[in-house]
Each structure stands twice: as C-alpha cells, then as structure tokens.
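Each remark here refers to the structure printed beneath this line.
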Amino acid sequence: MRRGHLVKMAVLLYRFNSFIKGGFTTMSSEVGNGEKRYHKVASVGEVPMGSGKLVEAAGQKIALFNFKGEHYAVSDMCPHRGASLAEGFLDGGKVFCPWHCFDFNLKTGDCTMVPSLRIQTYEVKIEGGDIFVAC
C-alpha cells in the first residue's frame with residue numbers, strides 16, 4: 001500500500017474514532033448539578049428560514065438550522081466522509097449532506113440511507129430573539 005493511502009486511512013480512522021466518542025449518540029446536555037447549560041450561538045435573524053449556519057458552543061462545531069420556522073441543532077460533521085452539514089440542504093425535516101446526500105433527521109439524528117449512522121442532536125431554545133443550544 002502506498003504511503004499516501006496510509007495517511008488517508010489514518011485520517012479517516014481518526015475522524016471515525018472522533019464520532020464514536022461523541023458524534024453518533026445524543027450526549028447528555030446536563031452539566032454538574034443536573035441543570036442544562038445553554039450557550040448563545042446566534043440571533044434568530046442570522047438563520048433565515050430554510051437555511052443553516054455553522055456555530056460553536058462549548059468547543060463543539062454545531063450546524064444550526066431553521067426549518068419551517070423551527071430551529072434545530074445537530075453535530076456539524078457528517079459521519080460518512082466529514083462534510084459540514086451546515087452547508088447541506090433541508091427537505092422533509094432532514095438535512096442532506098452536501099457531498100453524498102446522506103440524510104439525517106433534524107429531531108433524532110437518525111439516517112434513513114444508512115441506519116447505523118447517526119448524528120448528535122442538541123436542545124434549542126429561543127429567548128428574546130437569541131438562539132441558545134444546550135451542550
């Protein structure tokens with residue numbers, strides 16, 4: 001096997017292991033004493049209906065979406081090949097990966113095309129025109 005292939009395989013394995021540690025399952029958004037910790041990530045006007053935006057909270061890259069007036073937050077990286085889901089498109093309550101069209105339910109993180117793939121979802125709340133994500 002060529003050295004270039006080995007390097008690519010090592011990068012993919014590293015990304016896969018990162019998802020195993022936190023991207024495939026919904027992690028608890030509770031911190032310390034059981035209270036949820038919300039982080040302001042955007043204002044409502046920054047995420048127009050039908051679009052997504054890459055935000056960061058607690059050191060995590062999160063794709064924030066406005067689908068039919070409801071806001072959703074999911075882990076940004078597609079577990080298939082690492083594309084940014086914030087750049088994906090929305091349809092039927094799902095975000096579709098911009099690279100290979102893997103679909104992820106905005107509420108559950110489940111993938112219809114490959115049921116073994118899943119992304120993390122985050123609780124979202126709106127207060128006074130600001131969007132907060134629990135993580």
Treating only Lys and Arg (+1) and Asp and Glu (-1) as charged, each at its beta carbon, one finds that region 87-135 has a dipole about its Cα centre, in Debye to the nearest 20, of 160 debye
Once a ≥ b ≥ c are taken as the square roots of the eigenvalues of the Cα gyration tensor of region 43-94, is the result rounded (a/c under 1.5), prolate (a/b larger than b/c) or oblate (a/b not larger than b/c)? oblate
Could you run the Karplus curve 6.51 cos²θ - 1.76 cosθ + 1.60 with θ = phi - 60° over region 64-69 and give me ³J(HN,Hα) per residue in whole Hz, x for Gly and Pro? 10, 10, 10, 10, 6, x
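Taken together, the values in this text are just the output of simple stated rules run on the coordinates, not laboratory data. In this text the structure is predicted, and so the values were computed from the model without any measurement. So basically every Cβ, Gly included, is an ideal-geometry build from the backbone, and we count neighbours across all protein chains shown.
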